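Notes to accompany the following structure.
The values are calculated or read from the model by the stated rules, or taken from the named source; none is laboratory data. If you're wondering where the values come from, they're calculated on a predicted model, not measured in any experiment. A quick note on method: Cβ atoms are made from the backbone with ideal geometry, for glycine too, and the neighbour counts reach across all protein chains shown.
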Amino acid sequence: MYQAKIDKEIVKDLPIAQTDCQIELIDSPDEVDKAVKYLLRSKVVGFDTESKPSFTKGKSNKIALMQISTQKRCFLFRLQMIGKNQRLKEFLENENIKKIGVAIHGDLRNLRVWSKFEPKNFVDLQNIVGDYGIEELGLQKIYAIIFGKKISKSQQLSNWEAKILNRAQQVYAATDAWACRQIYLKLTKNKTVINDKD
């Protein structure tokens with residue numbers, strides 16, 4: 001069992017955690033097939049999305065980026081550039097691959113604006129951390145409790161629809177998806193991942 005809560009002042013002073021996996025931007029339909037083919041080799045992936053922040057009450061922007069991470073590679077799918085994509089839709093509907101995220105209800109709702117699909121085998125960490133004594137529901141604090149490191153939120157409000165995503169944005173986005181996967185595997189000590197070929 002883990003500690004239930006962690007103070008934000010303690011989190012602030014923790015060392016920074018960031019993924020060291022290879023980050024690949026997918027911004028055209030031609031690149032999707034190769035990325036999905038690779039992802040299909042994994043049994044557990046991390047999942048997250050990013051949207052351009054809206055500073056107008058009641059207005060939200062469409063999802064600009066969907067991140068899918070394995071242990072060694074994270075793909076950043078720029079959905080507004082890719083458009084609707086059957087291969088990506090089929091991946092999200094694949095019931096043989098666990099897709100791990102945090103507060104994913106909103107992500108999935110907004111993804112259906114991009115493409116109508118039936119999400120299969122998505123796991124929301126908020127629904128399982130309580131079984132391990134953790135009462136925090138945010139990714140940053142959950143990660144801090146389990147690993148003693150801090151996930152930076154410095155790029156959270158940056159422009160995810162920018163023509164070019166800078167390196168800091170890419171690392172931030174990839175780290176969030178990668179961290180979800182790390183948390184799940186640590187909590188469940190998931191043995192199936194040993195068979196991952198990546």
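In the range 52-71, which residue that is crowded, with 17+ Cβ neighbours inside 10 Å and of a type in the set (A, V, I, L, M, F, W, C) is nearest to VAL113 (Cα to Cα)?
The selected residue is ILE63.
Taking the conditions exactly as written (of a type in the set (Lys, Arg) and free of Cβ contacts under 8 Å to residues at least 12 places away in the same chain), does LYS59 satisfy them or not? Yes: the conditions hold for LYS59. Checking each residue in the range 136-172 for being modelled with pLDDT of 95 or more, among the small types (Gly, Ala, Ser) and in a helix (DSSP H, G or I) picks out only ALA144.
Sort out which residues of the range 78-99 are in a loop (DSSP other than H, G, I, E, B) and either of a type in the set (A, V, I, L, M) or touching a Cys at 6+ places or on another chain (Cβ under 7 Å) (or both), and write them in order of number. Let's see the steps before the verdict.
Looking only at the range 78-99, we keep the residues that are in a loop (DSSP other than H, G, I, E, B), and these are 83-85, 93-97.
Once the filter is applied, which keeps residues that are in a loop (DSSP other than H, G, I, E, B) and either of a type in the set (A, V, I, L, M) or touching a Cys at 6+ places or on another chain (Cβ under 7 Å) (or both), the range 78-99 yields only ILE97.
Yes or no, residue by residue, for (1) crowded, with 20+ Cβ neighbours inside 10 Å; (2) out of contact with any Lys or Arg (no Cβ under 6 Å at 6 or more places or on another chain):
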site: MET1; (1), (2): no, yes
site: LYS8; (1), (2): no, yes
site: LYS12; (1), (2): no, yes
site: GLN18; (1), (2): no, yes
site: GLU24; (1), (2): no, yes
site: ASP27; (1), (2): no, no
site: LYS37; (1), (2): no, yes
site: GLU50; (1), (2): yes, yes
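Just a yes or no: is a residue in the range 101-117 crowded, with 21+ Cβ neighbours inside 10 Å, in a strand (DSSP E or B) and either more than 12 Å from the chain's Cα centre (by Cα) or at pLDDT 95 or above (or both)? For the range 101-117, residues crowded, with 21+ Cβ neighbours inside 10 Å, in a strand (DSSP E or B) and either more than 12 Å from the chain's Cα centre (by Cα) or at pLDDT 95 or above (or both): present.
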